[in-house]
Amino acid sequence: MRVVHDVWRVTKELLEATALPWPSEEREERLRTVDRLLQERQELLWKLRPPYSEEEQRLGREIIAWNEEIERRLHRVGDEIRNDLRMAGAKRQANARYVHPYEQPLSIDGMFYDKKR
């Protein structure tokens, strides 16, 4: 019972750690916390051994429901990070074009093309 209860406790901490929103300035620290909790929970999961009592089965069902919510939250955070990286890349390219406008190849759009030559 003790191991199942420990897994339940760590999963509850993980659920609280993944609570939204994730401000950009706190993201790194929260990711470290989530990673630490996931590693701790993985070690506990290796120690689980059946048979389980009714109380342990109830805790297990609660853990499974929480896992689905945690997974949704982490996917949402991953999407936010990907979007931030995409925006940073676009800003970097726009800034580079502004600082060095003639280093980029000229656009062919709108140019006259003479087929006879």
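Every number here is computed from the coordinates shown, using simple stated rules; none is lab data. Every value quoted in this text rests on a predicted model; they were computed, and no experiment measured them. Virtual Cβ from ideal backbone geometry, glycine too; neighbours counted across all protein chains shown.
Only Cα pairs under 8 Å and 6+ residues apart enter the sum, and on that basis the relative contact order of the chain stands at 35 percent. With θ taken as phi - 60° and the Karplus curve 6.51 cos²θ - 1.76 cosθ + 1.60 applied, the whole-hertz 3J(HN,Hα) list for region 79-87 is 5, 4, 5, 4, 5, 4, 5, 4, 5 Hz, x standing for glycine and proline. For the peptides 20-30, 39-49, residues were scored by their other Cβ atoms within 10 Å and the scores averaged per peptide; the highest-first order is 39-49, 20-30.
Computed from label points 7 Å out along Cα-Cβ, the spacing between Arg92 and Lys47 is 4.3 nm.
Each principal axis of the chain carries a Cα extent, and these read 86, 33, 22 Å when sorted largest first.
Candidates Leu44, Leu31, Trp66 compared by Cα position along the dipole of region 26-78: farthest toward the positive end lies Leu31, with charges placed on Cβ. Rounded to whole numbers, the Karplus 3J(HN,Hα) couplings from phi for region 38-48 are 5, 5, 4, 5, 4, 4, 5, 5, 5, 8, 5 Hz, using 6.51 cos²θ - 1.76 cosθ + 1.60 with θ = phi - 60°, and x at Gly and Pro. Dipole check for the chain: with +1 at the C-beta of Lys and Arg, -1 at the C-beta of Asp and Glu, and the Cα centre as origin, the magnitude is about 680 Debye. Apply the a/c threshold of 1.5 to the C-alpha gyration tensor of region 27-79 and tell me whether it is rounded, prolate or oblate. Oblate is the answer for region 27-79, as a/c is 1.5 or above yet b/c matches or exceeds a/b.
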